[in-house]
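Have a look at the structure below before the remarks.
The values are calculated or read from the model by the stated rules, or taken from the named source; none is laboratory data. What you see is a predicted model, and the numbers here were worked out from it, not measured in a lab. Neighbour counts run over all protein chains shown; Cβ positions are idealised from the backbone, glycine included. With ligands, DNA and RNA removed, areas are computed over all heavy atoms of the protein, side chains included. Shrake-Rupley method; radii C 1.70, N 1.55, O 1.52, S 1.80 Å.
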Amino acid sequence: MRLTGPGGFLSELVKAVLERGLRAELTEHLGYGKHDPVGKGSGNSRNGHTPKTVQTEVGPVEVRVPRDRAGTFTPVLLPKNTRRLGGLSDVVISLYAGGMTVRDISHHLHRVYGTEVGPDTISTITDEVLEEVKAWQTRPLDEVYPIVYVDALMVKVRDGGTVRNKACYLVVGVGVDGVKHVLGIWVQQAEGAKFWMQVCTELRNRGVRDVLIACCDGLTGLPEAIEAVWPHTTVQTCVVHLIRAAMKFVSYKDRRAMVTALKEIYTAPTVEAAETALLGFADSPLGKRYPAAVAVWERAWDRFTPFLAFPPEVRRIIYTTNAIESFNYQIRKVIKNRGHFPTDDAVVKLIWLAIADIEDKRARQRAAEAGKPRTQARQAPPRLVEGAGVHGWKQALNSLDIFFPDRIPINVR
């Protein structure tokens, strides 16, 4: 006898448990047991059974649901119009969060459990988390975030009968305690000042009163929107993105020399020293060979130079948006199996589920290694984004308090 699937041991066990529970519910509803003479003249009695197929995580189960003559019996264990048990929904959501498409999940359930669950039903099951996503997307936020990172993922979304490339923007904020949190996920076809104004205003309405430094990748309209909502915020272009943009124009044999030349610019102690390094790079044979690489830095110069005003402990934190990019790498592994998404909500739903799923797996690994001696090598990865701490945050916070006086809440300094 097989363990799962139609007619399997576990299926028969689930069937027996469900039917016994339903009979007990009907007995409680009627007020007397089967064949009990107390039921004579009560006005209601048992009236046979109705067959019903229920999809479960161990396969389809044929259940005989008892009826009463008055038609007033409403089962709680297996409510009317219910065709699946909660455990199956958990399985579907877990597979979906891991990157499987709805059709892949349907095929997997049929192959492993013998359960017929159509793609439309699977979409309905995964949509059950949308209320949780909306609650998360509108949750209250802290009043002050010393540092905010912004980055984007490109996804394909069906829009008006055609599939379009859209940008999915993620905003990660570092709280005063040095803990990183995803503040929200937004999907937009094209970036612009109007869109970013909506995003910043939404964050402001959710409680964000002040942002000290916003680190981004030259997104169109974002600096202007940030400065309109938080006038005293310093907008900083990601240095790593500038380096990558410049390296796109450089041949492989010159890459090492280019990295060395650019390092003299972004490690300069002052703005004047950085300008001197940039002019020297532009006049060098390497700069003349790749004028487009020089132009990348010249165009972004006004947004890059605020970086040079900070001490090393702050520079290390705002040097790059890798806090989001490592997170994006994990998300890309989940979304790469999908040719396109049906709606913008589907994008946000999957990314939210992926955040929870990835962090849950990492948390289990950390829990398994808890208590091991420090001398023993540990393999569990660090936290992804939610709840992750920033290395060297205390030193950086002290410097930020000097650069931005009276803007960090005193009770958490």
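Structure values in brief
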{"item": "Where a residue in region 155-182 is under 20 Å from residue 398 (Cβ atoms) and open to solvent by less than 10 Å² (accessible area, probe 1.4 Å) and its partner, wherever it lies, is of a type in the set (D, E, K, R) and part of a loop (DSSP other than H, G, I, E, B), with Cβ under 7 Å and at least six apart", "result": "175/142"}
{"item": "Residue that is most open to solvent (accessible area, probe 1.4 Å) [pool: residues in region 220-251 that are at pLDDT below 90 and hydroxyl-bearing (Ser, Thr, Tyr)]", "result": "220"}
{"item": "Residue list for region 161-178, filter: in a strand (DSSP E or B) and either modelled with pLDDT under 85 or more than 17 Å from residue 215 (Cβ to Cβ) (or both)", "result": "162, 163, 164, 165, 166, 167, 168"}
{"item": "Total residues in region 22-44, condition out of contact with any helix residue (DSSP H, G or I) (no Cβ under 6 Å at 6 or more places or on another chain) and loosely packed, with under 15 Cβ neighbours inside 10 Å", "result": "12"}
{"item": "Matching entry among 187, 229, 199, 211 (being closer than 25 Å to residue 143 by Cβ and touching a Lys or Arg at 6+ places or on another chain (Cβ under 8 Å))", "result": "229"}
{"item": "In region 131-152, the residues that are surrounded by 15 or more Cβ atoms within 10 Å (Cβ to Cβ) and of a type outside the set (Val, Ile, Thr)", "result": "136, 137, 141, 142, 145, 146, 149, 151, 152"}
{"item": "Qualifying residue in region 270-279 (condition: in contact (Cβ under 8 Å) with a residue 24 or more places away in the chain, loosely packed, with under 14 Cβ neighbours inside 10 Å and closer than 24 Å to residue 392 by Cβ)", "result": "yes"}
{"item": "Residues that are assigned to a loop (DSSP other than H, G, I, E, B) and either modelled with pLDDT of 85 or more or within 24 Å of the chain's Cα centre (by Cα) (or both), drawn from region 106-144", "result": "138, 139, 140, 141, 142, 143"}
{"item": "The lone exception for residue 158 - which of (1) assigned to a strand (DSSP E or B); (2) within 23 Å of residue 303 (Cα to Cα) it fails", "result": "(2)"}
{"item": "Residues (closer than 12 Å to residue 240 by Cα, open to solvent by 60 Å² or more (accessible area, probe 1.4 Å) and at pLDDT 85 or above) located in region 302-332", "result": "316"}
{"item": "Qualifying residue in region 336-344 (condition: acidic (Asp, Glu) and in contact with a Cys (Cβ under 9 Å, 6 or more places away or on another chain))", "result": "yes"}
{"item": "Filter result (in a helix (DSSP H, G or I), among the aliphatic types (A, V, I, L, M) and at pLDDT 75 or above) within region 361-413", "result": "367, 368, 396, 397, 400, 402"}
{"item": "Considering residues of region 349-360 that are of a type in the set (Asp, Glu) and open to solvent by less than 40 Å² (accessible area, probe 1.4 Å) only, the residue modelled with the highest pLDDT", "result": "357"}
{"item": "First in region 60-88 and farther than 23 Å from residue 128 by Cβ and open to solvent by less than 30 Å² (accessible area, probe 1.4 Å), second anywhere and in a loop (DSSP other than H, G, I, E, B) and at pLDDT 85 or above, Cβ under 7 Å, 6 or more apart", "result": "68/44; 68/45"}
{"item": "Pair list, Cβ < 8 Å and 6+ apart or interchain, from region 230-247 residues that are closer than 13 Å to residue 266 by Cα to residues that are in a helix (DSSP H, G or I) and charged (D, E, K, R)", "result": "236/303; 237/303"}
{"item": "Qualifying positions in region 285-300 - open to solvent by less than 30 Å² (accessible area, probe 1.4 Å) and touching a residue at least 12 places away in the same chain (Cβ under 8 Å)", "result": "286, 287, 290, 293, 294, 296, 297, 300"}
{"item": "Index of the failed condition, residue 303 passing every other in (1) in contact (Cβ under 8 Å) with a residue 24 or more places away in the chain; (2) charged (D, E, K, R); (3) over 20 Å from residue 193 (Cα atoms)", "result": "(3)"}
